[in-house]
Amino acid sequence: MKIPFAESFKIKMVEPIRSSTRKEREEWIKEAHYNVFLLNADQVFIDLLTDSGTGAMSDRQWAAIMAGDESYAGARSFYDFKDAVTRITGFEYVLPTHQGRAAENVLFSYLVKAGDMVPGNSHFDTTKGHIEARRAEAIDCTIDEAKDTQLEHPFKGNVDPAKLEDMLAKHADRVPFIIITVTNNTAGGQPVSMANLRAVRRIADRYRKPILIDGARFAENAYFIKTREEEYADRTIKEITLEMFSLADGMTMSAKKDAIVNIGGFIATRNRDWYEGARTFCIQFEGYLTYGGMAGRDMAALAVGLDENTEFDNLATRIKQVAYLGKKLDEYGVPYQRPAGGHAIFVDAPKILTHVPKEEFPAQTLTIELYLEAGIRGCEIGYLLADRDPLTRENRFGGLDLLRLAIPRRVYTNNHMDVVAAALKNVHDRREQIPRGVRITKEAELMRHFTVELERL
Ligand code: F0G
């Protein structure tokens, strides 16, 4: 008999979770204005809101926490962290920040000016927010294949070289850099191929533009390169990540994802001028250059996490769990962005709630239904998150409308995945009885999905 694949860890510490009744959940979600961000975490049974900062650290990471150096300037933990970043990315200059969006804030304060245009592959919402808040524009050049959830494509996160080329031909003078997000979260945790990174580099060189990688899930991206891009099959994850970053000028990092820490981030670059330009903003917004908003122990855990999570077995364990949930949903006929992503399954809500018009936010409606069904908290990556167009103030209905089930690293078992799949099947089975969605009663101008208040129709 073939020995099945097994997780590359065993469990040393547990945290109890509690299920609830449907009646309780009906009250709680109403009090939360039908916005799952406003729920109390104790009101959630299985929390798939995000894979950010929610992972389980290893025993080696916890050991590093105890040995953190909390010196204000020149802490040993900073140098351990900086060395780990340089070893894994090849970038010489490193600025710590408290998380990914802080890295964006610091670097973009130096790089992005009003009137600029920043092309890339589906900028993450905080990235877009930091660009738009500076009265610049984020231009999405993701391949069209990413918009068809049922199409199988190994690298649905890719940049479309023709779109990028066209954009640069028209507006190169307004472009401070090109951003590539690996994996492409918004398109469904979909990877970017090495071939695509090379193609973008060639175009960037022609227009003499630097490339910034948003590396929140760079290690998961490297796993997909290894398993889907033939010439990389025999390369280690660490060799692949070094090559990925060799094609860029710098990166912003939310270490809360692929470095498996609860808080942390950084900017890393080979460009001395980026480092020197961003440095003062780091001190102004984050903290002195050798801690940037993190405690010494956070940097210590980050260094270990980066090293551990650029090992194949750890990534295989993680990504196979996401695929396991995808396979269950296949059995039940629940449509999602195919193939399964690196950190999450993105359920195609309008394909399920066919009666709910887009103006009533199908993915948000499905998010609420899944919570009511079994206390599972996913989140909408769709029309609410897309915000309104800054000029016309119209809702942006042009993209996908997805319910994201983000899986924290090393936290839940496949048994929990079975529960999630069964709950979603039940909602799917009664989809005909869900005719209406939700209406906005209160919203913020930017990044409204975090605080939006809704009512059920
Ligand atoms: N870039 C990407 C691709 C992200 O997914 C995130 C965060 C950030 C940047 C910002 O990093 O949260 O550390 O400030 N994504 C989380 C999510 C919040 O749920 O997908 P941060």
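Values quoted throughout were computed directly from the atomic coordinates according to the rules given, and no laboratory measurement underlies them. Keep in mind it's a predicted model, so treat the numbers as computed, not measured. With ideal geometry, Cβ positions are generated from the backbone for all residues, glycine too; neighbour counts draw on all protein chains shown.
If only the Cβ of Lys and Arg carry +1 and only the Cβ of Asp and Glu carry -1, the dipole of the chain around its Cα centre is close to 60 debye.
Considering the stretch 150-226 at the alpha-carbon level, its Rg and Dmax are found to be 12.6, 37 Å.
Can you tell which of Phe285, Val334, Ala303 lies farthest toward the positive end of the dipole of the stretch 248-348, using +1 and -1 charges on the Cβ of basic and acidic side chains (Lys, Arg; Asp, Glu)? Highest projection toward the positive end goes to Val334. Distance from the alpha carbon centroid of the stretch 1-24 to that of the stretch 145-223 works out to 35 angstrom.
List, in the order given, every pair from Lys328/Lys351; Lys256/Lys320; Lys147/Lys257 whose Cα-Cα distance in the structure shown is over 22 Å.
Values: Lys328/Lys351 18 Å; Lys256/Lys320 20 Å; Lys147/Lys257 24 Å.
The pairs that break the limit, which is 22 Å between Cα atoms, are Lys147/Lys257.
Using DSSP, restrict attention to beta bridges with both residues in the chain and report what percent are antiparallel, rounded to the nearest 5.
65
Over all directions, the projected convex hull of the C-alpha atoms in the chain averages 21.5 nm² in area. For the peptides 445-454, 114-123, the ranking by packing is 114-123, 445-454, with the highest mean count of neighbouring Cβ atoms within 10 Å listed first.
Please say if the stretch 25-72 is rounded, prolate or oblate, where rounded means a/c under 1.5 for a ≥ b ≥ c the square roots of the C-alpha gyration tensor eigenvalues, and otherwise the choice is prolate for a/b larger than b/c and oblate otherwise?
Since a/c reaches 1.5 and a/b is larger than b/c, the shape of the stretch 25-72 is classed as prolate.
What the phi angles of the stretch 93-105 give under the Karplus curve with 6.51, -1.76 and 1.60, with θ = phi - 60°, is a coupling list of 9, 10, 10, x, 9, 6, 6, x, 5, 6, 4, 4, 4 Hz, glycine and proline written as x.
Near the amide H of Ser122, within less than 5 Å, lie the amide hydrogens of Cys141, Thr142, all on another chain or at least 5 residues away, with H placed in the peptide plane.
Note down the magnitude of the dipole of the stretch 352-457 about its Cα centre, charges +1 on Lys and Arg C-beta and -1 on Asp and Glu C-beta and zero elsewhere, to the nearest 20 debye. It would help to have the intermediate numbers written out before the result.
Details: 16 positive and 16 negative charges, 51 e Å.
That gives the stretch 352-457 a dipole magnitude of about 240 debye.
The alpha-carbon of Lys163 sits under 20 angstrom from the alpha-carbons of these aspartates and glutamates, leaving out residues fewer than 8 places away in its chain: Asp116, Glu137, Asp140, Asp144, Glu145, Asp148, Asp173, Asp205, Asp214. Taking a ≥ b ≥ c as the square roots of the eigenvalues of the Cα gyration tensor of the stretch 59-308, is the shape rounded (a/c under 1.5), prolate (a/b larger than b/c) or oblate? Oblate shape, in that a/c is at least 1.5 and b/c is the bigger or equal ratio. For the stretch 426-431, putting each phi into the Karplus relation 6.51 cos²θ - 1.76 cosθ + 1.60 with θ = phi - 60° gives couplings of 4, 5, 4, 5, 9, 4 Hz, in residue order, rounded to whole numbers and with x for Gly and Pro.
With +1 assigned to the C-beta of every Lys and Arg and -1 to the C-beta of every Asp and Glu, and no other charges, what is the dipole magnitude of the stretch 59-308 about the Cα centre in debye, to the nearest 20? Working shown, then result.
Working: 31 positive and 37 negative charges, 106 e Å.
Magnitude of the dipole: close to 500 debye.
Bridges between two residues of the stretch 59-308, per DSSP, are antiparallel at a rate of about 50%. Listed peptides 376-383, 207-214, 325-332 appear in the order 376-383, 207-214, 325-332 once ranked by packing, highest mean of other Cβ atoms within 10 Å at the front.
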